Amino acid sequence: MTLIDLANPTRFLALTARVLPWLAAATVLLLAIGLYQAALAPDDYQQGATVKIMFIHVPNAWLSMFVWGVMSIASLGTLVWRHPLADVAAKAAAPIGAAFTFLALLTGSLWGRPMWGTYWEWDARLTSVLILFLMYLGLMALWRAVDDPSRAARAAAVLTLVGALNLPIIKFSVDWWNTLHQPASVMRMGGSALDKSFLIPLLVMAVAFTLLFVTLHLAAMRNEILRRRIRSLQMMQASRVAFSNEMGAGSRGQNASKEIGAAG
Amino acid sequence: MMSLGPYASFIVTSYAAAALVVAILIGWIVLDYRSQTQRLRVLEERGITRRSGRSAMDAS
């Protein structure tokens, strides 16, 4: 099966119906392994047990950017290739990305209070992630504000691509500015700075949350396809009703003119 | 028993919030799916079908 085959929503529904149970099972299994490893991970010499918050904060922070990246590629699909499922993918991803970004901000605050002495600091990393969260909400509002999905798709695609400029700002904010947030310790030049006892559970949780996103995204895309089918069926119903009303009015008009003719 | 030290409340709140948000996401998607399939069923029962004549529930 090629990417072109997936452009057909019916084929997409058939394929995802087969794949989703396996994806869900793999997600549950990996999450269970990740949580078990996170529970067994030793305390950090500086952070103590609060290092366990990192096992959910970091995957959610990664996913907050990854999901916007997926939406950006989907937006290119809408604007450049006009792929029929591109805007379905972008629309379905937005609420999931917003939820992951919210969790990144919340768990970061809950880690910051005992470690930094504050829940929030207006530094470049925290502020740029907050802007990302607000952009997710803005995008969801835009999708709801425009009735016609194809018109909403183009506007949302442009907004998504403009918003993608925030991704390198988030990533490199800790290098470009003097921030309270620590610099990258996993994906950096020279390899990870983390000990294996923290790195392995972190990577397992990152893969588990990524699988969770893929599973939820495919399921949400299926819902969006069904929603659009309902919309087109309702429009078909409305046009049939309008047509039959016109026909009824037309035949009534003809009968009336015959009656007038007969009377004359 | 795992010891979470003096900041246990912050750790437990973080994991509970993550579990709650993920549960809400899953619940929303499952309920949305049920709602869409129910609406499609109602439309098809009224005789409104796709131009292809196939059920809108095809492969769903």
(1) buried (at least 17 other Cβ atoms within 10 Å of the Cβ); (2) at pLDDT 95 or above; (3) of a type in the set (A, V, I, L, M); (4) over 19 Å from the mean Cα position of the chain (by Cα) all hold for A:ALA25 apart from (1)
Residue count for the range A:117-154, restricted to those that are aromatic (Phe, Trp, Tyr) and modelled with pLDDT under 90 | 0
Could you tell me whether A:GLY97 is open to solvent by less than 20 Å² (accessible area, probe 1.4 Å) and over 16 Å from B:ILE24 (Cβ atoms)?
-> no
Exactly one of A:ASP147, A:ASP175, A:ASP123 is among the acidic types (Asp, Glu) and closer than 19 Å to A:ALA90 by Cβ, and that residue is A:ASP147
Since A:LYS171 meets every condition but one in (1) modelled with pLDDT under 85; (2) open to solvent by 60 Å² or more (accessible area, probe 1.4 Å); (3) not polar (S, T, N, Q), which condition does it not meet?
-> (1)
Taking the condition more than 14 Å from chain B (Cβ to nearest Cβ), out of contact with any strand residue (DSSP E or B) (no Cβ under 9 Å at 6 or more places or on another chain) and either open to solvent by 10 Å² or more (accessible area, probe 1.4 Å) or not acidic (Asp, Glu) (or both), does A:ALA86 pass?
-> yes
Within the set of pairs 6 or more residues apart or between chains, which connect a residue that is facing chain B (nearest Cβ under 9 Å) inside the range A:33-50 to a residue that is assigned to a strand (DSSP E or B) and open to solvent by 20 Å² or more (accessible area, probe 1.4 Å) with Cβ atoms less than 9 Å apart?
-> A:THR50/A:ASP44
Only one of these is in a helix (DSSP H, G or I), in contact (Cβ under 8 Å) with a residue 40 or more places away in the chain, of a type in the set (S, T, N, Q) and surrounded by fewer than 17 Cβ atoms within 10 Å (Cβ to Cβ): A:SER232, A:SER197. Name it.
-> A:SER197
When residues of the range A:151-168 are filtered for being over 18 Å from A:LEU130 (Cα atoms) and open to solvent by 60 Å² or more (accessible area, probe 1.4 Å), how many remain?
-> 3
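Yes or no, residue by residue, for (1) modelled with pLDDT under 95; (2) part of a helix (DSSP H, G or I); (3) of a type in the set (A, V, I, L, M):
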{"residue": "B:THR13", "(1), (2), (3)": "no, yes, no"}
{"residue": "B:ALA18", "(1), (2), (3)": "no, yes, yes"}
{"residue": "B:LEU25", "(1), (2), (3)": "no, yes, yes"}
{"residue": "B:TYR33", "(1), (2), (3)": "no, yes, no"}
{"residue": "B:ARG39", "(1), (2), (3)": "yes, yes, no"}
{"residue": "B:LEU43", "(1), (2), (3)": "yes, yes, yes"}
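The values are calculated or read from the model by the stated rules, or taken from the named source; none is laboratory data. Every value quoted in this text rests on a predicted model; they were computed, and no experiment measured them. All Cβ positions, even for glycine, are placed from backbone atoms using ideal geometry, and neighbour counts span all protein chains on display. All accessible areas refer to the heavy atoms of the entire protein, side chains included, with ligands and DNA or RNA removed. Shrake-Rupley method; radii C 1.70, N 1.55, O 1.52, S 1.80 Å.
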